[in-house]
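Peer 1: I'd like to ask you about the structure that follows.
No lab work stands behind these numbers, since they all come straight from the coordinates. Since this is a predicted model, take the numbers as computed values, not measurements. Note: ideal-geometry Cβ built from the backbone for every residue, glycine included; neighbour counts use all protein chains shown.
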Amino acid sequence: MDAFTYQKGELYAENVPVAKLAEQYGTPLFVYSRTYIRDHFRALARAMAEVDTLICYAVKVNSNAAVIATLAAEGAGADVVSSGELLRARRAGVPADKITFAGVGKTEDEIETALRENILLFTVESEQELERISACAARLGATGRVAIRVNPDVDPKTHKYISTGKKENKFGVDILRALQIYERAAALPGLEIAGLHMHIGSQILSAQPYAEAAAKVAEVCVELKKRYPTFRMLDIGGGIGIRYRPDQEPLLPPALAEAVLPILKPLKLKILMEPGRFIVGNAGVLVVRVQYVKNGPSKQFVIVDGAMNDLIRPPLYQAHHEIGAVRETPETVFGDVVGPVCESGDFFALDRHLPAVRQDDLLVVHSAGAYAYSMASNYNSRPRAAEVMVCGARHELVRERESFEDLVRGERIPIW
């Protein structure tokens, strides 16, 4: 389904006019479709049903409790990269035995928190991390279940900042050394060799890199099953790409399944996945209000109340987000959509044919469900936006807009 559609010239979020949401909750405003989130989770689960699959939602993509709780109710697990994300997932109802903990720089405090929660799995990035988990487990009298992240050296053909599976990336260990590192893990106390992990990147639009990477690690998995009776899981990561531009073809679950299931089924392992963007990316929009329309010598500048602190992907990744008018118009102008932050990088769209709008009109920045609020900041002392979730004709505030008091909470002026 498309979560956001025009009805009689007005943009709706499911069955709710977006203009009504902006009027009630103010702007900038993130709006999420609960139905879209559920539908995309279910589509992926159906596609992978031929193998025992646990879908662990990547909390970093959108960490709102309502989003996580929606997926927890569907049976999803969570992939977390900090204690904060772990505790968010637990608070939202994700069972500890469905949580994986990733990341290259886990601290002792984070590891001990995860061990106390008795999570399903640590995905381990280095030999030193194995030693740290072992030491923490020994102190607590616990067992750390581990899956070493193997770098299959596959090019996912995505932006260089979100490619994670090539040999020059910081993530994982060289596949050629994997068996040796598993031997080291087997020799350490407090560890259980539970699986193998790979993750090749993000916003991947072809199934071919997944198949190539899965084929490489499958050989290692066969050997690990022979050596370690506790080895039972393969985590194939996330990164399933979505449509940001009208001419893009997203990677759909049936195409991914067709490519990887022939490789995965013979392994007879539990398959873990870590999707995020695929589930929530196009479930959300950022609604902004036009403050000024400024005519330049060669183009128009549409200045809105949202900014790079709300959605940093365009300047950070040169990412494309479609811009639409809440009140549909066939007229266009050539120009930029920019925010009020004092940076030349404060933009949502550059040199684009845009809907012709006037002061106080509403625009939406599409595909804002992923890596938007979760990467937001208070730069220029700007309070972060409110978030709303829609389900059919219902809507509810799922995060309050920050206030000035929120901005300065915790600050102190030294008595001297």
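Peer 1: For the stretch 272-363, rounded, prolate or oblate, judged on the Cα gyration tensor with a ≥ b ≥ c (square roots of eigenvalues), a/c < 1.5 rounded, else prolate if a/b > b/c? Let's see the in-between values first.
Peer 2: Details: a/c = 2.08, a/b = 1.59, b/c = 1.31.
Judged from the Cα gyration tensor, the stretch 272-363 comes out prolate (a/c at least 1.5, a/b above b/c).
Peer 1: Which residue fluctuates most in the GNM of the chain (Cα springs below 10 Å): ALA45, ALA66, ALA187?
Peer 2: Top of the fluctuation ranking is ALA187.
Peer 1: Anything over 25 Å Cα to Cα? Flag those among LYS60/LYS98; LYS106/LYS268; LYS225/LYS265; LYS106/LYS216, in the order listed.
Peer 2: Flagged as over cut-off: LYS106/LYS268; LYS106/LYS216.
Peer 1: Okay, moving on. How do GLU10, GLU411, GLU117 rank when sorted from fewest to most other Cβ atoms within 10 Å of their own Cβ?
Peer 2: GLU411, GLU10, GLU117
Peer 1: Still on this structure: List, in order, the whole-Hz ³J(HN,Hα) value for each residue of the stretch 359-375 obtained from phi through the Karplus relation with A = 6.51, B = -1.76, C = 1.60 and θ = phi - 60°; use x for Gly and Pro.
Peer 2: 3, 6, 5, 9, 10, 10, 9, 6, 6, 10, x, 10, 6, 10, 4, 5, 10
Peer 1: List every residue whose amide H lies under 5 Å from the amide H of ALA78, counting only residues 5 or more places away in sequence or on a different chain, with H placed 1.01 Å from N in the peptide plane.
Peer 2: TYR57, ILE99, THR100
Peer 1: Out of residues 5 or more away from GLN291 or on other chains, whose amide H comes under 5 Å of its own, with H placed 1.01 Å from N in the peptide plane?
Peer 2: ILE303, VAL304, ASP305, ASP360
Peer 1: Match the structure shown to one of the listed values (i) 33, 27, 24; (ii) 55, 32, 17; (iii) 40, 24, 20 of semi-axes √(5λ) of the Cα gyration tensor in Å, computed from it, and give that label.
Peer 2: Of the listed options (i) 33, 27, 24; (ii) 55, 32, 17; (iii) 40, 24, 20, (iii) comes from this structure.
Peer 1: Another question, if that's okay. Order of VAL302, VAL408 from fewest to most other C-beta atoms within 10 Å?
Peer 2: So the residues, fewest neighbours to most, are VAL408, VAL302.
Peer 1: Here's another thing I want to ask about it. Name the long-range amide H neighbours of LEU54: under 5 Å, sequence gap of 5 or more, or other chain; modelled H, no Pro or chain starts.
Peer 2: ILE271, LEU272, MET273
Peer 1: Determine ³J(HN,Hα), in whole Hz, for all residues of the stretch 318-330 in sequence, where each value follows from phi through the Karplus function 6.51 cos²θ - 1.76 cosθ + 1.60 and θ = phi - 60°; x replaces Gly and Pro.
Peer 2: 6, 7, 9, 10, 5, 10, x, 8, 5, 9, 4, 9, x
Peer 1: Sticking with the crude label model, points 7 Å out along Cα→Cβ, report the distance from LYS265 to ALA356 in nm, one decimal please.
Peer 2: Result for the modelled spin labels: 5.7 nm.
Peer 1: So what is the calculated 222 nm ellipticity per residue for the chain, using -39500 (n - 2.57) for each DSSP H run with n of 4 or more, over all residues, to the nearest 500 deg cm²/dmol?
Peer 2: So the calculated ellipticity at 222 nm is -8500 deg cm²/dmol.
Peer 1: Let me ask you something else. Show me, for the stretch 99-104, the HN-Hα J-couplings you get by feeding each phi into the Karplus relation (A = 6.51, B = -1.76, C = 1.60, θ = phi - 60°), rounded to Hz, glycine and proline as x.
Peer 2: For the stretch 99-104, the Karplus curve yields 10, 10, 10, 10, x, 7 Hz.
Peer 1: Measure out, as a whole number of angstrom, how far apart the alpha-carbon centroids of the stretch 355-373 and the stretch 196-258 sit.
Peer 2: 33 Å
Peer 1: Which of PHE301, PHE404, PHE4 has the fewest other C-beta atoms within 10 Å, and how do the rest follow up to the most?
Peer 2: PHE404, PHE301, PHE4
Peer 1: Hey, another quick one. Could I have the simple spin-label model distance between GLN318 and GLU50, label points 7 Å from Cα toward Cβ, reported in nm to one decimal?
Peer 2: My value for the distance between the label points is 3.9 nm.
Peer 1: Using Cα springs under 10 Å in a Gaussian network model of the chain, which residue among GLY306, GLY281, GLY84 shows the largest mean-square fluctuation?
Peer 2: Evaluated over the chain, the most mobile residue of the options is GLY84.
Peer 1: Here's a follow-up. How far, in nm, would the chain grow between GLU328 and ARG116 when pulled straight, counting 0.36 nm per residue and subtracting the alpha carbon separation? Can you show the working numbers first?
Peer 2: Numbers: separation 212, 0.36 × 212 = 76.32 nm, distance 5.26 nm.
Net length gain for the segment: 71.1 nm.
Peer 1: Sticking with this one: Could you let me know the centre-to-centre spacing of the stretch 296-318 and the stretch 30-89, using Cα atoms, in angstrom?
Peer 2: The two parts, judged by their Cα centres, are 30 Å apart.
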